[in-house]
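Have a look at the structure below, then the notes.
Bear in mind these aren't lab numbers, they're just calculated from the coordinates by the rules spelled out. As the structure is a computational prediction, the values presented were derived from the model and not from experiment. Glycine gets a Cβ as well: all are built from the backbone with ideal geometry, and neighbour counts include every protein chain shown.
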Amino acid sequence: MSTHDYIPRTETITPSILYYGTPVILLTTCNEDDSVNISPLSSSWALGNYIVLGIGLGGKAIENVKRDPECVINIPSPALWSNVEKLAPFTGKYPVPDYKRNNRYTFEKDKFACSGLTPSPSLSVKPSRIVECPIQIEARVKHIRIPEDLPHIAIVETEAVHVHAHTKIILNENHIDPNKWSPLIYNFRHYFGLGSPLGKTFRSET
């Protein structure tokens, strides 16, 4: 029997989360005193030069971009998963919101120190880039929307103004080599990298 003849059995389920495999990003934003906050996020997608982010309300990241609409979207590789996880139990929000305190979060202002990551100045925005992340995208916030039926999440539209990449993953000046670059994937609250390449779309330029 071929794989096309096999019909898998399905069941209807109600999962508590729907992170079905999305890249992790580390969003850097500026605090009131111009220090830099780092927020791990797992909801983002790109359309041209626009990148849409899902940011939880009540945290430091959304507070910062509302006040100062600039950010850097730092995209870590799988090798940085432990640095990302070091950030996970901390919040830059003080006092810690009740919902985060109930979920064992604690306040930490110096996210670079606790994560072991290194800041680097950006070209056009105030927040620092993260040196270790192979792709770093300076961006400006263009629009923030809070869905009526999803009151705990903000949909944040950003526009990329500069894209920085480690030289070892650059191909032909302005392309990222997919054979040398792999994002860190957040798959139902577990960290993964990409597997072996399967092929490429007909529109690929590399």
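Could you derive backbone 3J(HN,Hα) for the stretch 172-188 from the dihedral phi with the Karplus parameters 6.51, -1.76 and 1.60 (θ = phi - 60°), listing whole Hz in sequence and x where the residue is Gly or Pro?
Here the 3J(HN,Hα) series is 6, 6, 10, 10, 8, 7, x, 7, 10, 10, 9, x, 7, 9, 9, 10, 6 Hz.
What nm value, rounded to one decimal, do you get for the distance between His162 and Tyr94 when each label is placed 7 Å out toward the C-beta?
Taking the simple label geometry, His162 and Tyr94 are separated by 3.0 nm.
Sort the following peptides by mean Cβ neighbour count (other Cβ atoms within 10 Å, averaged over residues), highest first: 56-69, 38-51, 94-107.
In descending order of packing, they fall as 56-69, 38-51, 94-107.
Placing unit charges on C-beta atoms (Lys and Arg positive, Asp and Glu negative, everything else neutral), compute the dipole magnitude of the chain about its Cα centre in debye, rounded to 20.
With Lys and Arg at +1 and Asp and Glu at -1, about 260 debye.
Add +1 for every Lys or Arg and -1 for every Asp or Glu among the other residues with Cβ under 15 Å from the Cβ of Asn37, and state the total.
+2
Based on the alpha-carbon gyration tensor of the stretch 140-196 and its eigenvalue square roots a ≥ b ≥ c, which shape applies: rounded if a/c is under 1.5, prolate if not and a/b is larger than b/c, or oblate?
oblate
Using the Karplus curve 6.51 cos²θ - 1.76 cosθ + 1.60 with θ = phi - 60°, work out ³J(HN,Hα) for each residue of the stretch 34-39 in order, rounded to whole Hz, and write x for Gly and Pro.
6, 5, 10, 9, 10, 10
Note down the relative contact order for the stretch 91-203 as a percent, whole number, built from C-alpha pairs under 8 angstrom at least six residues apart.
13
Return the percentage of antiparallel bridges among DSSP beta bridges fully within the chain, rounded to the nearest 5 %.
In the chain, DSSP labels about 95 percent of beta bridges as antiparallel.
Can you show me the helix-derived [θ] at 222 nm for the chain, built from DSSP H runs with n ≥ 4 at -39,500 (n - 2.57) apiece and divided by the number of residues, rounded to the nearest 500.
Helices in the chain give a 222 nm mean residue ellipticity of -2500 deg cm²/dmol.
Among Glu85, Glu11, Glu173, whose mean-square fluctuation peaks in a Gaussian network model of the chain (Cα, cutoff 10 Å)?
Looking only at Glu85, Glu11, Glu173, the largest GNM fluctuation is found for Glu11.
I need the per residue convex hull volume for the chain, using only the alpha carbons, in cubic angstrom as a whole number.
165
Give a quick list of trypsin sites (Lys or Arg not before Pro) in the stretch 126-198 that DSSP marks as loop, anything other than H, G, I, E or B, with at most 10 other Cβ atoms within 10 Å.
Taking the stretch 126-198 and a limit of 10 other Cβ atoms within 10 Å, the loop trypsin sites (Lys or Arg not before Pro) found are Arg189.
Compute the length gained on full extension between Glu205 and Thr10: take 0.36 nm times their separation in residues and subtract their Cα-Cα distance, giving the result in nm to one decimal.
This chain segment gains 66.4 nm when fully extended.
Rounded to the nearest 0.05, what FRET efficiency do Ala46 and Glu85 have when you use their Cβ-Cβ distance and R0 = 35 Å?
The calculated FRET efficiency here is 0.90.
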